[in-house]
Amino acid sequence: MAVRARSSDPEHSRKQRRLIWFLLALATMVAVIGVAVSVANSATTTQISRNASVLHWANAAGGSSALSRAATNQAVLFALGGESGFADAAAVETAVAEANRSLSVFESWALAIPREVRDTVPDLQAQMIAFAETSGTVLDRLGDADLQGAIAIRDGALARDYQAVSSSIETSLAAITDEISSNERRAQNVALLTRLLVTLLIPAAAVTIYWLIARRQMHRSAVEAEARVVAQREMIAGVSHELRTPLTAIYGFSELLANREVDDTASISHMVRVINSEAADLTRMVDDLLTAARIDMDELPFVPIEFTPVEEIESVIAPYRRSGRGIGVDCPPLSIVADDTRFRQIIRNLVSNAVKYGGEYVLISGSWDDDHATFSVTDDGEGIDEERQVRLFTPFLNHGHDAILSGSVGLGLAVSQVMAAGMGGSLRYDDSDGLTTFALTLPTGPLGGHPPIDATGIESVPDDPSTVAEASTVST
């Protein structure tokens, strides 16, 4: 039954807010850095892909210009062979057609020049167009049978245009290569930064968060320990007060009896009954305290045996009857398997509450079915308000509240419910029709419950609360 700390310390609240803001800032920083790294990595990847495309164009354009020039030279050579008789007209036409196809492919590369290349070598596209036009002029001269004119253009303008195109393409290739190297270095830097974040920042953040959580838990533990000490002090004060009441009565009346200051039999009988009743209350309080301590240490034993509950009920109410308090019993003489000591302690707590805080009408009733036996303690008192019903079975030392019932140490109902659960049963509260009822339900046990032995031996209990004191008990 650990203490639940409730801190309203403004300083603690400020620390909590600072912790929350720090964690939010840390999470935001990690998220921003992660997004930045992701964006940078994505941009680098996109640029590398673009550079690869530009590099492909430069290589293709350079190869196409060389192929177009070779095809043009080949057409001129076939035309020379035709004049010398080494090649026929069909071969010359084929060579010219092949040169035109190569020139058409080169022109398509010239029209598809990338923006990056135009930015690096602004004159390249114009040079490629000029080379294509010059190559076309050479092929047109061959078609017009102007072989010497074609040779002159090939050796002059076409050679110069090809040299210009080749030089510019080489320049663009060098620029693209440099850009690729730069992107590779950038990608390496991004990868290095990512590794740095993974290996340093994230573990550092985890350590920081763990430290902050541990510090907060230490603070909470300190607050709980302080609250536990305060609750224990309150409990000790309450227990001392409650024990003092019966002890005072016992000591006072026993002093009168020991000194023979009272002579009449009626007064002596009354004092003895009071001493007996107060001693019973004192015993109940001590039992509750010992039981609560053993529950706290998880050392509360349960020893199930087969017994007859009505006999235990009679032993519980005997002191009350001797003191003149009427308590009705309507319980069949069934037998169950449970811990008879714990059963007796629960019934004693419920009866004590009913006698102290209920009305004049107190009835203990029992019922039985195939699996469970239910024992109810009913009185006609005012009952318990809804606010306190919520924590009816919670010991006050757990929450720093006053006891549920005035004049109680606040443990009886709590330990009773734990003991009921320990025996596989339950304890519940009901307030209806002007009657307050605590119902203890227990399984009939592995040996099986037995139905009422002799229903005719049970005397009826009057329905009128005013006559309950005259109710008879079961004849066993």
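All of (1) more than 21 Å from Ile364 (Cα to Cα); (2) in contact with a strand residue (DSSP E or B) (Cβ under 9 Å, 6 or more places away or on another chain) hold for Thr308 with one exception: (1). If you check Val105, Val165 for being buried (at least 20 other Cβ atoms within 10 Å of the Cβ), modelled with pLDDT of 85 or more and among the β-branched types (Val, Ile, Thr), only one passes: Val165.
Report whether or not Ser108 is touching a residue at least 12 places away in the same chain (Cβ under 8 Å) and more than 23 Å from Ile180 (Cα to Cα). When the stated conditions are applied, Ser108 does not pass them. Exactly one residue out of Ser84, Ser102, Ser64, Ser108 is within 19 Å of Gly149 (Cβ to Cβ) and of a type in the set (S, T, N, Q): that is Ser84. Taken over the range 237-285, the criterion of being closer than 17 Å to Val415 by Cβ and without any contact (Cβ under 8 Å) to a residue 24 or more places away in the chain is satisfied by Thr283 alone. Given (1) modelled with pLDDT under 75; (2) of a type outside the set (A, V, I, L, M, F, W, C); (3) loosely packed, with under 13 Cβ neighbours inside 10 Å, identify the lone condition not met by Gln217. Every condition holds for Gln217 apart from (1). Looking only at residues that are among the hydrophobic types (A, V, I, L, M, F, W, C) and more than 17 Å from Thr374 (Cα to Cα) in the range 345-362, which one is surrounded by the most Cβ atoms within 10 Å (Cβ to Cβ)? Once the filter is applied, the top-ranked residue is Ala354. With respect to (1) crowded, with 18+ Cβ neighbours inside 10 Å; (2) touching a residue at least 40 places away in the same chain (Cβ under 8 Å), the lone exception for Val316 is condition (2). Condition (residue is under 30 Å from Ser53 (Cβ atoms), of a type in the set (S, T, N, Q) and in the same structural domain as Glu98 (by TED's automatic domain parsing)) applied to the range 141-159: is it met by at least one residue? No, the range 141-159 has no match at all. Of all the listed residues (Arg325, Arg284), the sole one being among the basic types (Lys, Arg) and at pLDDT below 80 is Arg284. Looking at Ala90, Ala99, just one residue is farther than 20 Å from Gly63 by Cβ, over 60 Å from the mean Cα position of the chain (by Cα) and in the same structural domain as Arg160 (by TED's automatic domain parsing), and that residue is Ala90. Here Thr291 does not qualify as surrounded by fewer than 21 Cβ atoms within 10 Å (Cβ to Cβ) and either assigned to a helix (DSSP H, G or I) or in contact with a Gly (Cβ under 9 Å, 6 or more places away or on another chain) (or both).
Yes/no per residue for (1) modelled with pLDDT of 90 or more; (2) surrounded by 15 or more Cβ atoms within 10 Å (Cβ to Cβ); (3) assigned to a loop (DSSP other than H, G, I, E, B):
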{"site": "Ala373", "(1), (2), (3)": "yes, yes, no"}
{"site": "Gly381", "(1), (2), (3)": "no, yes, yes"}
{"site": "Thr394", "(1), (2), (3)": "no, yes, yes"}
{"site": "Gly400", "(1), (2), (3)": "no, yes, yes"}
{"site": "Ser408", "(1), (2), (3)": "no, yes, yes"}
{"site": "Val415", "(1), (2), (3)": "no, yes, no"}
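So for the range 295-305 (the condition being outside any helix (DSSP H, G or I), surrounded by fewer than 17 Cβ atoms within 10 Å (Cβ to Cβ), of a type outside the set (Lys, Arg) and touching a Ser or Thr at 6+ places or on another chain (Cβ under 7 Å)), does at least one residue qualify? Scanning the range 295-305, I find no residue that is outside any helix (DSSP H, G or I), surrounded by fewer than 17 Cβ atoms within 10 Å (Cβ to Cβ), of a type outside the set (Lys, Arg) and touching a Ser or Thr at 6+ places or on another chain (Cβ under 7 Å), so the answer is no.
Within the range 321-344, can you find the residues that are under 19 Å from Thr437 (Cβ atoms) and surrounded by 22 or more Cβ atoms within 10 Å (Cβ to Cβ)? The answer is Ile327, Gly328, Cys331, Phe343. Residues in the range 220-246 that are surrounded by fewer than 14 Cβ atoms within 10 Å (Cβ to Cβ) and at pLDDT 80 or above were compared, and the one that is nearest to Asp296 (Cα to Cα) is Ala225.
The values are calculated or read from the model by the stated rules, or taken from the named source; none is laboratory data. Note that the structure is a prediction, hence the values are computed from the model and not measured. Cβ atoms come from the backbone with ideal geometry, glycine included; neighbour counts cover every protein chain shown.
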